[in-house]
1. When the Cα centres of region B:227-301 and region A:1-51 are compared, how far apart do they sit, in Å?
2. Nearest 10 degrees is fine. How inclined is helix B:203-222 to the longest principal axis of chain B, computing both from alpha carbons?
3. Shielding by partners for A:56-69, please: the mean number of other protein chain Cβ atoms within 10 Å of each residue's Cβ.
4. Which of the three applies to region B:1-100, rounded, prolate or oblate, going by the alpha-carbon gyration tensor with a ≥ b ≥ c and a/c under 1.5 meaning rounded?
5. Please compute the Kirkwood hydrodynamic radius of the protein assembly as shown from all pairs of different C-alpha atoms, in Å with one decimal.
6. Which distances in nm, rounded to one decimal and ordered from shortest, link the label point of residue B:135 to the equivalent label points in the other identical copies, with labels set 7 Å from Cα toward Cβ?
7. Evaluate the charge dipole of chain B about its Cα centre and quote only its size in Debye, nearest 20, assuming +1 on the Cβ of each Lys and Arg and -1 on the Cβ of each Asp and Glu.
8. Can you spot the lysines whose alpha carbon is less than 16 Å from residue A:91's alpha carbon? Ignore those fewer than 8 places along the same chain.
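Every read-out reported here was derived from the displayed coordinates using simple, explicitly stated rules and does not represent laboratory data. Source: prediction; values computed, not measured. FYI the Cβ positions are ideal-geometry reconstructions off the backbone, even for glycines, and counts take in every protein chain you see.
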Protein chains: 2
Amino acid sequence: MNMKKPFASPEKLREIAAEFGTPCHLYDASGMIRNLRRLQQAFAWNPGYKEFFAVKATPNPYLLQILRQEKAGTDCSSLTELIMSDRCGFKQEEIMFSSNDTPDEDFKLALKLNATINLDDISHLDTVLRLNGGQKLPEKMSCRFNPGGVFEVANGIMDNPGDAKYGMTREQIKQAYAAMRDLGVRRFGIHAFLVSNSTSNAYYPKLAKLLFELAVEIKAELGIELSFVNLSGGIGIPYRPEQEACDIEAIGAAVKAAYDSVLLPSGLGSLSIYTELGRYIMGPYGGLLTRVQYLKDTYKLYAGVDACAADLMRPAMYGAYHHITVVGKEAWPADHIYDVTGGLCENNDKFAVDRPLPLIDTGDLLFIHDTGAHGYSMGYNYNGKLRHQELLLQQDGSVRRIRRNETPRDYFATLDFSGLFEDLSEYGC
Amino acid sequence: MNMKKPFASPEKLREIAAEFGTPCHLYDASGMIRNLRRLQQAFAWNPGYKEFFAVKATPNPYLLQILRQEKAGTDCSSLTELIMSDRCGFKQEEIMFSSNDTPDEDFKLALKLNATINLDDISHLDTVLRLNGGQKLPEKMSCRFNPGGVFEVANGIMDNPGDAKYGMTREQIKQAYAAMRDLGVRRFGIHAFLVSNSTSNAYYPKLAKLLFELAVEIKAELGIELSFVNLSGGIGIPYRPEQEACDIEAIGAAVKAAYDSVLLPSGLGSLSIYTELGRYIMGPYGGLLTRVQYLKDTYKLYAGVDACAADLMRPAMYGAYHHITVVGKEAWPADHIYDVTGGLCENNDKFAVDRPLPLIDTGDLLFIHDTGAHGYSMGYNYNGKLRHQELLLQQDGSVRRIRRNETPRDYFATLDFSGLFEDLSEYGC
């Protein structure tokens, strides 16, 4: 059983709340670096291995710069993610661009930055060719594969790639590689994402074997030797205390076993493994620190906090579980049942429903776990709610604000031509 | 059967797309005004009747100003909604403030604007008293009621107020009224919201009867005569073509029947009826106009458009149905099955799944219906996607841009202290 302790002590969390105010997303630099290094170690048997951090998970330049120092690249799927990667110093092959239904301007910037474009569909080939001048494609490109049907990871763990909008069929991907070769591509990759947030150790090895076998088939049929296999994301984290974390060393070893048995005999032993494990790397190393404003006792007990779904939408959108620690009451019995709610005017704005927790007092600090990925980034402004700051707990123990709070001025920005919201001083903004 | 035609002709929609670009939310001023007037007419039997438009539904000042000219007020539940209402000229009793788990600064502004505060919980009384100087409460206030349990509107149509975070119990609300009277409140209201998006004609009358009976009980027990009953929102719209719209005249008449039978005999015949029908008023008078960028044929047919869940999240969040018209192909047979997808890197970014539609070509314009409420307002920036413009089709047939597109600069605004995103000209931004 995973005990789910916050990565900072109650004293430190109280100190941070006092200095910076609540709510805030707090990230742990030491934890994320340690975790990334462990991942890299698990795949160190592959000389070309590289992690491309999914910017979507946590699009903050201060975090990306740390990841870059640690030799990660970025996985982007939009214009702004490309801009952020560029400004953080990621160059050329350090940027993977995996997008679907892609606007021209996004492809244009990906081409300009010489990012590695991972084509979602064969219909995108013409677009990239046109935007690249019409004569040839970039020298290094990738294709996204979708095997269709149902993909069973292990007993009872499965997903439905056949219902997913992503990727090409087996026939299409071969057609794409052949066309790409004729248009000047010299280094080819393959990419697939079949299961989301899986804590099974079996997913990556099974996916790897599938893609390795396809690489062998492509070599046999087309004479094209793939340079890399991008296993993408999908390795999950234990959001619930009763879940076990996956064993990244075992996963790395099992991918190696598939590599050795499938690729080596086929002469594909110099193929590089790429991963895009945003959630795995960052998820546990972020927490949402929020203070209890109101206790409400009607047909249930409610603890109303100063964060809301604008800061963390996963519970509202997916009914996702996020563990909650009442700071300073870690040892108290969880003998009360609360709904932990935000103030957004939607009944799904609940960080927890019927959650056993220690007795909560107004003013208590709550640490909502595992918001390091798909937390801040998934926030919205529904109900006119503003998104809050991000803080970084640095390796030396100091804390740095790495994103400021949104203000009403930000909220009204796209109405700037109206003249209505220029001077907001009377509202204290 | 509701035929679900867009409120503008194919020619007009093409003209708008050509002039302003896609995607855009387009609103129909004539339709919303006509609909609001019809609602007001249905309740004209009540001299104090007033509609308070839920700003959350469509927080655009140009729309609010039209609604204000048409004698609607606003229903706010956050600081920015209060600011917007004030800047649009809504004054004092024209603003209802119904919030839950409310930050102090929001209450402060509501007090400053002399908006009518609708208390969600008895625990908020002390806060409002403190923020109002500690001696007395505002002269006009309201309380939100939650009857608990299950509320059955009609056969099979029900909701679970007992699981909702909103409102006070019967005992609490009486306690609150007694305390409020002692603290200077002279005009009292009651508010309840028990069912969301109901197209049953039975919801409002049944809710009204419940609240009217409670008003009688409060008069008998406390000697307090309520000044208004706020029936709030909940009246829905027919998102699906096979759904019938509710009959607002029948609803108004049935509320009057309850009024006459319950309130008149109890001497409460001067009580005002308030409503907060954002979705009902605006929902059908907005559409998301988007262009098909890609057609994809893998295990399904996909039509990839230039809008995404950043512009309209209801399908991703709730699996909500939004009808789609392929502009110019209204008379074609719907003999192809498509998933209509956006480019956000999430598999739930689908405006429609397995939807029968006419044959779609790249470049076709799609009109996604009923985005007039909870459309733009619920957008997010996940995956670094930007939210798009809002346009108003004015009564004279001209079109006005009432919100501009978000830009990368807006997206990076809360990182303005980083120095990384000041000059974005190299990206064409």
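1. A separation of 47 Å, based on Cα centres.
2. Long axis of B:203-222 versus the principal axis of chain B: about 20 degrees.
3. 2
4. Because a/c hits 1.5 or more and a/b fails to exceed b/c, region B:1-100 counts as oblate.
5. Answer for the protein assembly as shown: a Kirkwood hydrodynamic radius of 28.5 Å.
6. Listed shortest first, these distances are 8.4 nm.
7. The dipole of chain B has a size of about 900 debye.
8. Once the sequence-local lysines are set aside, what remains near residue A:91 is A:50, A:71, A:108, A:112, A:140.
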